[in-house]
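Below is one structure, written out as structure tokens, with a few remarks after it.
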Number of protein chains: 4
Amino acid sequence: MDISSRSPFRIMLLATGGTIEKSYDASAGALTLDVPVIDTLLATLDQPDVQVDVRRVMSIDSLDMGEAERAEVVTAARAALAASDVDAVVITHGTDTLAQTAQALATALDTPRLPIVLTGAMRPYRVADSDAAQNVAQALMAARLLTPGVYAAFHGRVIPAGRIVKDYERLTLIESAT
Amino acid sequence: MDISSRSPFRIMLLATGGTIEKSYDASAGALTLDVPVIDTLLATLDQPDVQVDVRRVMSIDSLDMGEAERAEVVTAARAALAASDVDAVVITHGTDTLAQTAQALATALDTPRLPIVLTGAMRPYRVADSDAAQNVAQALMAARLLTPGVYAAFHGRVIPAGRIVKDYERLTLIESAT
Amino acid sequence: MDISSRSPFRIMLLATGGTIEKSYDASAGALTLDVPVIDTLLATLDQPDVQVDVRRVMSIDSLDMGEAERAEVVTAARAALAASDVDAVVITHGTDTLAQTAQALATALDTPRLPIVLTGAMRPYRVADSDAAQNVAQALMAARLLTPGVYAAFHGRVIPAGRIVKDYERLTLIESAT
Amino acid sequence: MDISSRSPFRIMLLATGGTIEKSYDASAGALTLDVPVIDTLLATLDQPDVQVDVRRVMSIDSLDMGEAERAEVVTAARAALAASDVDAVVITHGTDTLAQTAQALATALDTPRLPIVLTGAMRPYRVADSDAAQNVAQALMAARLLTPGVYAAFHGRVIPAGRIVKDYERLTLIESAT
């Protein structure tokens, strides 16, 4: 049976920034990553038996994520896996280098003991017609149903690390042919 | 591997009414089931590789669902399972008797060849702070990841038919102790 | 010059219930007037130099408003007019008998020293596609620009007391021919 | 009497761009003025007896508005004033140089035969917690109630041309002391 009926189901959410968290700064007249939005988004979800603990790892555009930052994400994931009160890990991340971070996690963690699910958005949570709430809701659901491993959950699709590709034309993440 | 990488993933959505579809009728000054809302909700989701076909079975409050109506839902599910171009079935339904319909499906279909996922909402899609979009997004994700069987997906939780209970105090669906 | 440049401009808002304030009660499965919503609506408006004080007079459907309740509204309006720190009065009200209350106010107050502007909504604030925020924003603006008197501000139109008619077909308030 | 009871009340809306019209371009990962949004905003308003005709003059950030562009706005306003079927003019505009355009209009048009009301927003219509819908709704109401002249309507306040100042700290438009 694939269903985790652990109650509550405990998710560690590692927030790293990315488009999903951009919000409008009226003084600057531009989108910034100055205000964390993941907690605001989570507060709109109804999930009386899911416990989500948010840990802020960084707040950057994923195009600015280099080896050092990626190593920090791996370290944070390792810490989450080591905690006894975590049933799954969700990572919010910019889409431009989400595939690289997933690959880095899969390489570093080999076979993690829990599912690790990366997600993000093509349009910020704080912008009209955003895909952020959908992606986070679906990533949380996928985190509960998947077997241990590293994945992206995005636009209703689950893609294993190593096969994730950003489709810049259709503005989504797709699964590469093997 | 639990991930269905069939692309597009084809879902037959059977709509039956329920709170999720209630909308405000300004002439009547009340909530009614006169206007179908499932297509409107689906149009807000980003899922370029999920194909959802909506089939309207009925538009009723689930407290008004008797044996005859429940049999109609079973018949519609059977037809969906018989179609060669369907990978999973999602059913939108009122929460008051969602458990009974799930049980009726599980009994009638024995071991269905596909996942059948029932969902709904405690607050109508067209009302502030609705849980409808979350539940539908998560049901669609669950339908892709679950093994064949009959389930409820609700508020981030998946519950197998036979164990679904409405919690009238916390206003959610919970899993009964065995 | 019609512009009140008093800063801040001080509005006393008398809340009486009506469709505008209906919200969904998930336990009852119906719209109720149990939760006041006017403050929630006002909190979404940007008006750094308008000060709105909300006074709750009652929370009823305007079809349930009889002579006694109407007299209470008149008394509350009189109190607002007597206050030295009020520049205009806005009253939120159900649309079914808004015209009668406006007439009662005009009769009782003769020539009030301030503008008194009644408004409401055809669809509750907490329901999709509501006209509540528009009507309240426009009533607040009209309250600042109108000369003393009793009016309805609704759907972009201002109608003097004595000429207000509910159009049940087009679902709006209109001005009767003289 | 200040109320225009002309029915329908006919407004010519001149759109020039500005923050109010910025929307998120997922390909560019930034806010742009590529997609006009005024019609989308107007479609959410209920105003069965107000007729708004939108004329696109330009789509620029008001910091990019020079003498030539400002002259174009004056020309468009002149054309609107010359039309026999227009009862008021509303202009949507960026806030950074809205005051200059209002001044240019007041200077060029001397005493216009109709009210000309400029408005805009501190946060784009397509961004969470935008002030755009409020400002447009209130500008439309003000356009109906004001005597001929050039004004800004913004955040519940009406300011005559010549006195409009952007307050960069409180992020609003204020009226200068004389």
Amide H contacts under 5 Å for residue A:91, placed H, 5+ residues apart: A:14, A:117, A:118, A:119
Amide H contacts of residue D:11 (H built 1.01 Å from N, under 5 Å, at least 5 apart or other chain): D:51, D:52, D:53, D:87
Charge dipole magnitude, Cβ of K and R +1, D and E -1 - the stretch D:23-109, Cα centre, debye nearest 20: 220
Cα-Cα over 30 Å, subset of D:22/D:166; A:22/C:22; B:22/C:166; A:166/D:22: A:22/C:22
GNM result for chain A, Cα springs below 10 Å: residue of A:43, A:161, A:108 fluctuating most strongly: A:43
Copies compared at residue D:36 - label distances in nm, ascending, label defined 7 Å from Cα in the Cβ direction: 3.4, 4.3, 4.3
Gaussian network model of chain D, springs between alpha carbon atoms under 10 Å - residue of D:116, D:159, D:91 with greatest fluctuation: D:159
Computed [θ] at 222 nm, helices only, for chain A once each DSSP H run of length n ≥ 4 contributes -39500 (n - 2.57): -8500 deg cm²/dmol
Lys/Arg +1, Asp/Glu -1 at C-beta; chain C dipole; positive extreme among C:133, C:12, C:171: C:12
Amide H contacts under 5 Å for residue A:173, placed H, 5+ residues apart: A:167
Debye, to nearest 20: dipole size of the stretch B:1-151, +1 on Lys, Arg Cβ, -1 on Asp, Glu Cβ: 300
D_trans [Stokes-Einstein, Kirkwood Rh over alpha-carbon pairs] for the stretch C:3-175, 37 °C, 0.692 mPa s, µm² s⁻¹: 207
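For residue A:83 and residue D:113, FRET efficiency with R0 = 56 Å and r from the beta-carbon atoms, rounded to 0.05?
FRET efficiency, residue D:113 to residue A:83: 0.20.
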Rounded if a/c under 1.5, otherwise prolate or oblate - the stretch A:108-178, Cα gyration tensor axes: oblate
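Please arrange B:154, D:9 by counting, for each residue, the other beta carbons lying within 10 Å of its beta carbon, fewest first.
D:9, B:154
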Counting all C-alpha pairs of the protein assembly as shown, share separated by more than 35 Å (%): 51
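With charges set only on the Cβ (+1 for Lys and Arg, -1 for Asp and Glu), what does the dipole of the protein assembly as shown come to about its Cα centre, in debye to the nearest 20?
With only Lys, Arg, Asp and Glu charged at Cβ, the dipole is about 0 debye.
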Relative contact order computed over chain A (Cα-Cα under 8 Å; 6+ residues apart), in percent: 24
Unit charges at the beta carbon, dipole of the stretch D:28-92: most positive-side option, D:33, D:80, D:43: D:80
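Bear in mind that the values in this text are calculations on the coordinates, not laboratory data. Source: prediction; values computed, not measured. Positions of Cβ are backbone-derived with ideal geometry, glycine not excepted, and every protein chain shown enters the neighbour counts.
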